[in-house]
């Protein structure tokens, strides 16, 4: 059964994007300084 699940492709999920920012840990992205919904809106309008 796991072999079957591994080969399934996840369909595209339009309208679902998350900003690439971090909250605490050091990462290669800027810090989260605005609410997620504002950043999500900026990503979709850019």
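Laboratory data are not the source of any read-out in this text; all were calculated from the coordinates shown. Because the structure is a prediction, the values reported are computed rather than measured. FYI the Cβ positions are ideal-geometry reconstructions off the backbone, even for glycines, and counts take in every protein chain you see.
Things worth noting here:
- Only Cα pairs under 8 Å and 6+ residues apart enter the sum, and on that basis the relative contact order of the chain stands at 30 percent.
- Gyration tensor (alpha-carbon) shape descriptor, the chain, a/c threshold 1.5: oblate
- Nearest 10 degrees, 0 to 90: helix 36-45 Cα axis against the chain principal axis: 80 degrees
- Computed E for residue 36/residue 10 - FRET, C-beta separation, R0 30 angstrom, nearest 0.05: 0.85
- Summed over qualifying helices (DSSP H, 4 residues or more, each -39500 (n - 2.57)) and divided by its residue number, the chain shows a 222 nm mean residue ellipticity of -8500 deg cm²/dmol.
- Where labels lie 7 Å past Cα in the beta-carbon direction, separation of residue 28 and residue 46 in nm: 1.6 nm
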